[in-house]
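The values are calculated or read from the model by the stated rules, or taken from the named source; none is laboratory data. Since we're looking at a predicted model, the values are computed, not measured. Glycine gets a Cβ as well: all are built from the backbone with ideal geometry, and neighbour counts include every protein chain shown.
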Amino acid sequence: MANVTVIGAQWGDEGKGKIVDWLSERADVVARFQGGHNAGHTLVVGEKVYKLSLLPSGIVRGTLSVIGNGVVLDPWHFRDEVAKLKGQGVDINPANLQIAETCPLILPFHRDLDGLREDASGAGKIGTTRRGIGPAYEDKVGRRAIRVCDLAHLDDLDLQIDRLTAHHEALRAGFNEKPIDRAQLMADLTEIAAFILPFVKPVWLTLNKAKAAGQRILFEGAQGTLLDIDHGTYPFVTSSNTVAGTAASGTGLGPNAAGFVLGIVKAYTTRVGSGPFPSEQENDIGQRLGERGHEFGTVTGRKRRCGWFDAVLVRQSVAVSGVTGIALTKLDVLDGFEELQICVGYKIGDQTFDYLPAHAQDQAKAEPIYESIDGWSDTTAGARSWADLPAQAIKYIRRIEELIGCPVTLVSTSPERDDTILVRDPFAD
Ligand code: GDP
Ligand code: IMO
Ligand code: MG
């Protein structure tokens, strides 16, 4: 099975976009399968920087790109992102970009509700991207959603709109928000439908045909395993399953389609938004990691929290996603540190743990147990072969492999597409 499923193995922003772009040269199709435009995937190609939130990263190379049914789609954002990328010279048309008919839509009142809830939550806020992701998934599971295929049947939508707006009116009233302007909503949907519909296809069929023809499918995960609705640091998570298993349900391919599961792992740890982060460094070290790694959110511009590599969390992600190999990114950010710490366990009260317990209170109290390892003074930045790496950087990589129980498949040493070391070709497996 020559498919590859890329997932984030931490709290997102591990460098999935760069790796998907790099791999997409050898893929026939690139598919997003969950999340929405809460993602921010950065691709650096020479002088050009592309930031994608909803579109699969394969589109930059012109590879057939599909948005699977597991994605929640804001149609107005879709139009804006297409326009932005076209402005950067990317060729986008219904022949190279497809949207699943069954994607639930993110509507303006989903975005409102996301913001209203965050504003009302004070210290308990999740720190969402405020893009309506959670409310849109709630309506999907609540069987109230308006889906992409409904855009072709707007005249026949009254009962569905009744059900959906009745639900939201009650919520909005609780926030003293003005009612939904139904006429405006229908006018907006009618207007955007004309732009969206040419891209809409039975994506499950496209992918199954590609699979039958022996084509290479590259699945592009968004967010990371610690943000997974089931396996993450609940409730400080996103509202979708981010694990590799979702590649199947979020596109309409069977579970044997995932192929090589490539976990993207940053050589240290970052998190944006609230929630537990045992190895966080709220000190000079965190500051230095943030500055060297340019750790600011792609979507919201928020400063990302930074800390040491947490081998316990990544080992857990490797297990719950069935990761075959990892791509270790941003190794260059660690250049020049005299000593590095790796979290190898937690102390909670008088107990020690070699995994992160499920309860939010335990997670908040988890104190990291560190192992020290010497850093390196030479640079890894821009290295393109194993031989270019300082011996101590190789030791760091080998120790990570041991601790997480998974081999390194790729190493990334700068934002640039080609500053990538291939250890083992995931498509060859
Ligand atoms: P994603 O959400 O997982 O796609 O990651 P983001 O794009 O949000 O964040 C990763 C950031 O790190 C982006 O700005 C990338 O250009 C950058 N990046 C990716 N790989 C490397 C690397 O190996 N070294 C450095 N210094 N930056 C990298
Ligand atoms: P990529 O694909 C990092 C975080 C938000 C917040 C939580 C819930 O670029 O790695 P949501 O808007 O999804 O309801 O927010 O999840 N979050 C991300 N953090 N990278 C992402 O995507 C994220 N997408 C959502 O900051 O803590
Ligand atoms: Mg990102």
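Any residue that is assigned to a helix (DSSP H, G or I), aliphatic (A, V, I, L, M) and buried (at least 19 other Cβ atoms within 10 Å of the Cβ) - is there at least one of those in segment 112-123? Before the answer, list the steps.
The first filter runs over segment 112-123 and keeps only residues assigned to a helix (DSSP H, G or I), leaving 112-120, 122-123.
Among the residues that remain, those that are also aliphatic (A, V, I, L, M) are: 113, 116, 120, 123.
Checking which are buried (at least 19 other Cβ atoms within 10 Å of the Cβ) leaves us with 113, 116.
Scanning segment 112-123 turns up at least one residue that is assigned to a helix (DSSP H, G or I), aliphatic (A, V, I, L, M) and buried (at least 19 other Cβ atoms within 10 Å of the Cβ).
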Q. What strands (runs of 3 or more DSSP E) completely inside segment 252-366 contain at least 3 residues that are within 30 Å of residue 2 (Cα to Cα)?
A. 260-266, 325-329
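Would you please name the residue that is nearest to residue 316 (Cα to Cα), looking only at residues in segment 248-273 that are away from ligand 1 (no atom under 16 Å from the Cβ) and among the aliphatic types (A, V, I, L, M)?
Start the filter on segment 248-273 by keeping residues that are away from ligand 1 (no atom under 16 Å from the Cβ), which leaves 248-260.
Filter once more, so that each one left must be among the aliphatic types (A, V, I, L, M): 248, 253, 257-258.
Numbers: 248: 21, 253: 25, 257: 22, 258: 19 Å.
By that ranking, first place goes to 258.
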**Q.** Number of the condition not met by residue 76 [criteria: (1) in contact (Cβ under 8 Å) with a residue 60 or more places away in the chain; (2) crowded, with 23+ Cβ neighbours inside 10 Å]
**A.** (2)
Q: Could you grab me the full set of residues in segment 165-223 that are hydroxyl-bearing (Ser, Thr, Tyr) and surrounded by fewer than 14 Cβ atoms within 10 Å (Cβ to Cβ)?
A: 190
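Restricting to segment 227-241, give me the number of residues that are within 14 Å of ligand 3 (Cβ to nearest atom) and not hydroxyl-bearing (Ser, Thr, Tyr). Before you say what the answer is, go through the steps one by one.
First, the residues of segment 227-241 that are within 14 Å of ligand 3 (Cβ to nearest atom): 227, 238.
Add one more test, that the residue is not hydroxyl-bearing (Ser, Thr, Tyr), and what stays is 227.
Adding up the residues that qualify gives 1.
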Q: Can you tell me which residue among 163, 172 is without any contact (Cβ under 8 Å) to a residue 24 or more places away in the chain, in a helix (DSSP H, G or I) and over 29 Å from the mean Cα position of the chain (by Cα)?
A: 163
Q.
Within segment 27-44, does at least one residue satisfy the condition of being away from ligand 3 (no atom under 16 Å from the Cβ), out of contact with any Cys (no Cβ under 7 Å at 6 or more places or on another chain) and at pLDDT below 95?
A. no
Q: Would you confirm whether any residue within segment 146-154 is within 20 Å of residue 192 (Cβ to Cβ) and within 16 Å of ligand 1 (Cβ to nearest atom)?
A: no
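Can you give me the number of residues within segment 23-49 that are surrounded by fewer than 24 Cβ atoms within 10 Å (Cβ to Cβ) and near ligand 1 (Cβ under 10 Å from one of its atoms)? Working first, answer last.
The initial filter retains those residues of segment 23-49 that are surrounded by fewer than 24 Cβ atoms within 10 Å (Cβ to Cβ), namely 25-26, 28, 40, 42-49.
Narrowing the set further to residues that are near ligand 1 (Cβ under 10 Å from one of its atoms) leaves 40, 42-44, 49.
Residues flagged as surrounded by fewer than 24 Cβ atoms within 10 Å (Cβ to Cβ) and near ligand 1 (Cβ under 10 Å from one of its atoms) within segment 23-49 amount to 5.
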Q) Can you tell me which residues in segment 274-303 are within 12 Å of ligand 2 (Cβ to nearest atom), surrounded by fewer than 21 Cβ atoms within 10 Å (Cβ to Cβ) and within 25 Å of residue 412 (Cα to Cα)? A) 296, 297, 298, 299, 300, 301, 302, 303
Q) Looking at segment 234-251, which of its residues are of a type in the set (A, V, I, L, M, F, W, C), buried (at least 22 other Cβ atoms within 10 Å of the Cβ) and in a helix (DSSP H, G or I)? A) 247
Q) Are there any pairs with C-beta distances below 6 angstrom linking a residue in segment 2-21 that is under 18 Å from residue 44 (Cα atoms) and within 9 Å of ligand 1 (Cβ to nearest atom) to a residue that is among the aromatic types (Phe, Trp, Tyr) and at pLDDT 95 or above, with the two at least 6 apart or on different chains, and if so which? A) none
**Q.** Residues that are at negative phi, of a type outside the set (A, V, I, L, M, F, W, C), more than 15 Å from ligand 1 (Cβ to nearest atom) and in a loop (DSSP other than H, G, I, E, B), drawn from segment 384-416
**A.** 390, 407
